[in-house]
Amino acid sequence: MRIAPFCKETQMESGVCGNNVLLTKVRSIKRIKKGEEVTVAYTDLLQPKSMRQTDLWSKYRFICCCSRCGAVPPTYVDCVLEEISVVNGSSSSSDSGFYRDKATQMLPKYIDDAISDYLSIGDPQSCCEKLQHVLTQGLRDERLECNDGMSRPTFTYWLHPLHHLSLNAYTTLASAYKTCANDTLALFSETNGNICEAFDMSRTSLAYSLLLAGAANHLFQFEPSLIASFANFWASAGESLMTFARSSTWSEFMPLSSLSSIRKHNCLKCSLRNKYETGSFHSQVQYADFEHVSSEFLDCVTGYVQTVWHFLVHGCNHLRVVRDPLDFKWLMTAKYSSLCEIHCCSGNNGGLNSGVYKNISGCEPQGCTSQVRIHLFQLGVHCLLYGAYLAGICFGEGSYLASHIQNILDCVE
Ligand SMILES: [Zn+2]
Ligand SMILES: [Zn+2]
Ligand SMILES: [Zn+2]
């Protein structure tokens, strides 16, 4: 295949390969310098290098030598996507390679089992319990044999919060909690206690969508080729936030009337809505303005997240220790399992799930002012607008994602 720049003069010249020229539009996600190699993604770019290479070899029989795959040492993104830590009861860490290998076998299997509880067996609650267990307590290796009768220190295997399995877990938790909430509402719609439980589950689902978008936002700073996943995460967080903010189901917890006044509201701090409505999202000039649009978006979104995050993580012990889902910079310096150690020591009455499923009585509408609903709504609008902007860059104006977002935004007016 030959890829040539698209311009009006060359467009209809007689095709180089004969008369039947098949024109395929190829979109570039970034500016291409003269002489720069153009690469195409054949595989999921949120996988770490080893998985991409295995995938490419088994499907296409080639070894990728792009700048990301060829980087020595591996890029920051490829490192965190497969980073695990092995925590030993004692300080001696002999055989650390052995336990690291065990961890890289046990963690994926554990996550796969948890996800299949939801997707294959249809038990989202069990899936949520298992995933949150491994995220908050790590995975303890209890099968170590003691031939000599001596007790050995237990090993605990931790996933980095940006490990690709952690990202899978956040995606799954967002979806599984939403399903849990809907199941709970459908089964026991008449009792108040269950509406409250469903309300907590819905909030937890939203919080995981935001955490995923925040994680992707962090990785994207280092790896621009992740833009397509990035677009999808923001769009889906935006859609969930809007659905939640507009639903009358929650009116006893959040006054709905406040929403009608802001339907037509334009954000005064950023120009996203204005650019969206005037169609300038789709001009080349606008793409060149990427940094500016992104920083405007992040400024606004950071403000809204600060006012709603506490409210969203109310029922979730795992996420309560995350101060700001959009800020992953601390991970680059801190030892990451300390996040979870803080969690374990914070006296959460003894269980990973105690907050999530047994919190019915503790559902005081703290922070549930009308302001929260407005901010959730505004946050949703911003995520969708930015998602539409990214979708335009990745897939073009008439793409599925772009028109899907447009439909959601239009039915708000
Ligand atoms: Zn590559
Ligand atoms: Zn704004
Ligand atoms: Zn509650």
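The values are calculated or read from the model by the stated rules, or taken from the named source; none is laboratory data. Just so we're clear, the structure is a prediction, and the values are computed from it rather than from any experiment. When we count neighbours, we look across all protein chains shown, and the Cβ atoms used for this are built from the backbone with ideal geometry, even at glycine. When the accessible area is computed, the model is the full protein with side chains, heavy atoms only, and any ligands, DNA or RNA have been set aside. Shrake-Rupley method; radii C 1.70, N 1.55, O 1.52, S 1.80 Å.
General remarks:
- Cβ-Cβ distance of Lys269 and Ala186, R₀ of 51 Å, FRET efficiency by 1/(1 + (r/R0)^6): the value works out to about 0.80.
- Modelled spin labels at Gln406 and Ile63, positioned 7 Å past Cα toward Cβ, are 4.6 nm from each other.
- Backbone HN-Hα couplings from phi across the range 224-232 [Karplus 6.51/-1.76/1.60, Hz, Gly and Pro as x]: x, 5, 7, 4, 5, 4, 4, 4, 5
- Taking θ as phi - 60° and the Karplus parameters 6.51, -1.76 and 1.60, the scalar couplings of the range 116-121 work out to 6, 4, 7, 7, 9, 8 Hz in sequence order, x denoting glycine and proline.
- Between amide H atoms placed 1.01 Å from N, distances below 5 Å from Phe155 occur with Asp141, all of them 5 or more places distant or on a separate chain.
- Pairwise centroid distance, computed over Cα atoms, of the range 293-310 with the range 386-413, Å: 20
- Relative to the current alpha-carbon distance between Arg323 and Leu298, full extension at 0.36 nm per residue lengthens the span by 7.4 nm.
- Cross-link table Lys130/Lys178; Lys178/Lys275; Lys59/Lys329; Lys33/Lys329; Lys109/Lys329, entries beyond 24 Å C-alpha to C-alpha: Lys178/Lys275; Lys59/Lys329; Lys33/Lys329; Lys109/Lys329
- Sparse-neighbour loop sites [GluC sites (Glu not before Pro); the range 155-248; at most 13 other C-beta within 10 Å; DSSP]: Glu190
- Residue-level accessible surface for Asp101, protein heavy atoms, 1.4 Å, Å²: 90
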